[in-house]
Amino acid sequence: MGMSRILLGVMKYRQNYRAGMVKQFEVVRDDPHPKAVFFTCMDSRMLPTRFTQTNVGDMFIVRNAGNLVPHANLSGHEEITTEPAALELGCVINGIRHVIVCGHSDCKAMNMLHLMRNSDRTSQEIIKHSPLKAWLVRHGHSSIAKYAQLEVADFQAPLIFQAGTPMRRFVAYIDPEDKFNEEDKLSQVNTLQQLQNIASYNFMRDGLVRGRVYIHALWFDIYTGDIYYFSRQQKKFVDVSENNIERLLDEAKQYYT
Ligand SMILES: [Zn+2]
C-alpha cells in the first residue's frame with residue numbers, strides 16, 4: 001500500500017500536472033525570482049506550499065525535525081549542517097530577501113524536547129543511541145533555556161530575542177491568551193529562537209544590517225489550520241485572518257520592503 005500509493009501518485013502527476021509544471025520550470029530557469037528561504041518541520045502535516053499558496057520558483061524549503069537552525073557557534077568545519085548552507089545558497093548566492101521559520105503545534109520533536117528538558121542523562125549517552133535526541137539536545141538546547149525563563153515567570157513575562165541584527169532585539173509574549181499547552185508554547189519559543197540562530201552567521205549580518213534581508217516567524221496550528229505570523233509590532237504571534245490582515249500587511253510594508 002505505502003509504495004503503490006506513491007507510484008500511483010507519480011502517475012497522476014504525469015497525467016495531470018507534468019506538462020504545466022515543465023512550462024513553469026522554464027519560466028523560473030529564465031527569470032528566477034525566489035521570494036523566501038523557508039525552514040519548517042519535516043512533519044507530514046506541514047505542506048508549506050499549500051498553506052502559503054506558493055508555486056514553482058517561489059521558495060527554497062528546508063525541513064528537519066523541529067525546524068531547527070544550528071547556531072553559528074555550533075556549526076563549523078568540524079560539524080557541517082545543511083541549514084546554514086541553505087541560508088548561504090538562498091540569501092547570498094540567490095539574493096533572497098526573506099527568511100521564514102515556521103513551527104507548528106503538536107510537533108513530535110518539540111514534545112520530545114519538552115520531555116527531555118530536565119533529563120540528567122549525559123549527552124554522550126543520548127548521542128550514542130539516538131541521532132534524533134542528539135540533534136534535539138544539541139540544537140534545541142537554547143530553546144529550552146528560553147523556555148525555562150518563561151516557566152520561571154509562570155508563562156507571563158515576555159522573552160527577549162536578539163535577531164535581525166546583533167544589536168536589535170525583539171520582545172515576545174508567548175501565548176498571552178493561554179490557548180496552547182506547554183509543548184506548543186515551547187514550539188513557539190523554539191520558532192523564535194531560530195531567528196536568533198539565523199542572525200548568528202557572519203555572512204547574514206551584512207544583509208541584515210543594511211535591511212536587505214529580513215527574518216520572520218510563522219506558526220501553524222495543526223488543530224485548527226490557523227497560521228500565525230509573529231508581529232514584532234504587537235510582540236506576539238497574530239493569526240493571519242480577515243481581522244488582522246490589513247494591519248499585518250501595513251507592518252510588512254512599513255518594515256520589510
Ligand atoms: Zn514538528
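Quick note: the coordinates plus some simple rules give every number you see, no bench work behind them. Computed from a predicted structure; not experimentally measured. Backbone-built Cβ (ideal geometry, glycine too); neighbour counts: all protein chains shown.
This ranking places F39, F155 by how few other beta-carbon atoms lie within 10 Å of each, fewest first, which gives F155, F39. As a ratio to 2.2 N^0.38 Å, the alpha-carbon radius of gyration computed for the range 86-182 takes the value 1.29.
Between the DSSP loop rule and a limit of at most 11 other Cβ atoms within 10 Å, which GluC sites (Glu not before Pro) in the range 152-223 are left?
E177
Among the listed pairs K35/K253; K128/K236; K23/K253; K35/K146; K12/K108; K146/K236, those with a Cα-Cα distance over 27 Å are K128/K236; K23/K253; K35/K146; K12/K108.
Going by average Cβ neighbours within 10 Å, how do the peptides 248-255, 236-243, 90-97 rank, with the highest at the top? Don't jump to the answer; show the numbers that get you there.
Values: 248-255: 12.6, 236-243: 15.1, 90-97: 16.8.
Descending mean neighbour count gives 90-97, 236-243, 248-255.
Could you give the length gained by full extension between N181 and Q24, i.e. 0.36 nm per residue of separation minus their alpha carbon distance, to one decimal place?
Details: separation 157, 0.36 × 157 = 56.52 nm, distance 4.19 nm.
Using 0.36 nm per residue and subtracting the Cα-Cα distance, I get 52.3 nm.
Would you mind getting me the FRET efficiency between N243 and I222? Use the beta-carbon distance for r and R0 = 22 Å, nearest 0.05. Given R0 = 22 Å and the Cβ-Cβ separation, E is 0.55.
Dipole of the range 32-255, Cα-centred, from +1 at each Lys and Arg C-beta and -1 at each Asp and Glu C-beta, to the nearest 20 debye?
Magnitude of the dipole: close to 640 debye.
Between the amide H of A199 and those of G164, distances stay under 5 Å, these residues lying 5 or more places away or on another chain, with hydrogens modeled in the peptide plane.
The range 193-226 and the range 33-77 have Cα centres separated by 11 Å.
Shape annotation for the range 1-61: C-alpha extents along the principal axes are 39, 29, 15 Å, from largest to smallest.
In the frame of its principal axes, the range 1-114 has Cα extents of 47, 39, 27 Å, reported largest first.
At a temperature of 10 °C and a viscosity of 1.306 mPa s, determine how fast the range 210-257 diffuses translationally according to Stokes-Einstein, using the Kirkwood radius over alpha-carbon pairs as Rh; express D in µm²/s, rounded to the nearest whole number.
On the way: Rh = 11.5 Å.
Translational diffusion coefficient: 139 µm²/s.
Over all pairs of distinct alpha carbons, what does the Kirkwood formula give as the hydrodynamic radius of the chain, in Å? Final number for the Kirkwood radius of the chain is 19.5 Å. The value for the range 165-257 of Rg(Cα) / (2.2 N^0.38 Å) is 1.13.
Stretched out straight at 0.36 nm per residue, the stretch from N118 to D58 would grow longer than its current Cα-Cα span by 17.6 nm.
Between L89 and R210, the distance separating the two model label sites (each 7 Å from Cα on the Cα→Cβ line) works out to 2.4 nm. Residue exposure proxy: M3, M110, M116, M59, ordered by other Cβ atoms within 10 angstrom of their Cβ from fewest to most, comes out as M3, M116, M59, M110. Dipole orientation for the chain: of the candidates I174, H77, T224, H77 has the Cα lying most toward the positive pole (charges on Cβ; Lys, Arg +1; Asp, Glu -1). Sorting 188-195, 64-71, 43-50 by their mean Cβ neighbour count within 10 Å, with the most densely packed peptide first, gives 188-195, 64-71, 43-50.
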